[in-house]
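The values are calculated or read from the model by the stated rules, or taken from the named source; none is laboratory data. On a predicted model such as this, the values are computed, not experimentally measured, just so you know. Just so you know, the surface numbers come from the protein's heavy atoms only, side chains and all, with ligands and any DNA or RNA stripped out. Shrake-Rupley method; radii C 1.70, N 1.55, O 1.52, S 1.80 Å.
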Amino acid sequence: MKNYQKKYTCLILFGLFLNIFSIYSQTNSNNNSLYNWFDKTLEKENLPVYNGTRHVNYYRTLDNTHSYYISGNYSSGDVEYDGQTYYNLDLKYDVNNDILVFRPIGKFDYMGINTIKVKTASFNIQNKHFVNINYNNPSCPDYMNGYYQEIVYSKNNILYIKHHKIRSKVIDTKTVSDEGNQNSTDTFAEKNEFILKYKDSYYKISSKSDIIKIFPELKSKIKNYYTANIRLEESDNKVFIENLIKEINNLLPNESN
């Protein structure tokens, strides 16, 4: 009887949702708050995005390094999952294992849940947009797999950044575990891979010559950029490449729109 009442209540709420949606969509094109209301009205545990495995961080880290994108703490973000967009979830991105993690609300808020990658189309975190390059994209090359940060400069010019972190072990020679072994910790160093999609073709870019091969007509401009921004290349290669592609896009005819 209780199950029947619960299902009946959900049907009433769903009908109410459809009526409000019809009215709301006529007056406001941004339906984020309505979706948030619907998610909060129904039990969160019943939503499809909850159907993942528990996230476990196996690493003992040193010197504030971690395997996550920007921060090991959760931050608010959106996820397009199994055909539906979920707004304002607590997210973090495990770069080392290429896993998107979210923290549920309610009685399970003490643990993280790994979203199912094949059902995750994209997500936004730390004001950056990430896509699952294999999701409904048969044209991507075999060497591309998993989540990539996507920066769209124009319809013909898209930069993808694969965020990597190299894991290293540090042995502590001064301490010994209960089993008699020396303790160790993990440290992570960022190393990114850059892919440029230009006119429906994908190009790996890791050097100045790679970029000149794609845009030979801009050879002198590209060389000048490298010369003028050598310090930026050494200190923040990601921003260096982002700015370079932006400048190239502005130099190409009819590419800025």
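Near G146, the amide H atoms lying under 5 Å from its own belong to I133, N134; only residues 5 or more places off or on other chains count, and H is placed 1.01 Å from N.
Pop out the carbon and sulfur fraction of the accessible area of region 204-252 as a percent, whole number, probe 1.4 Å.
Details: 1380 of 2960 Å².
C and S atoms contribute 47 percent here.
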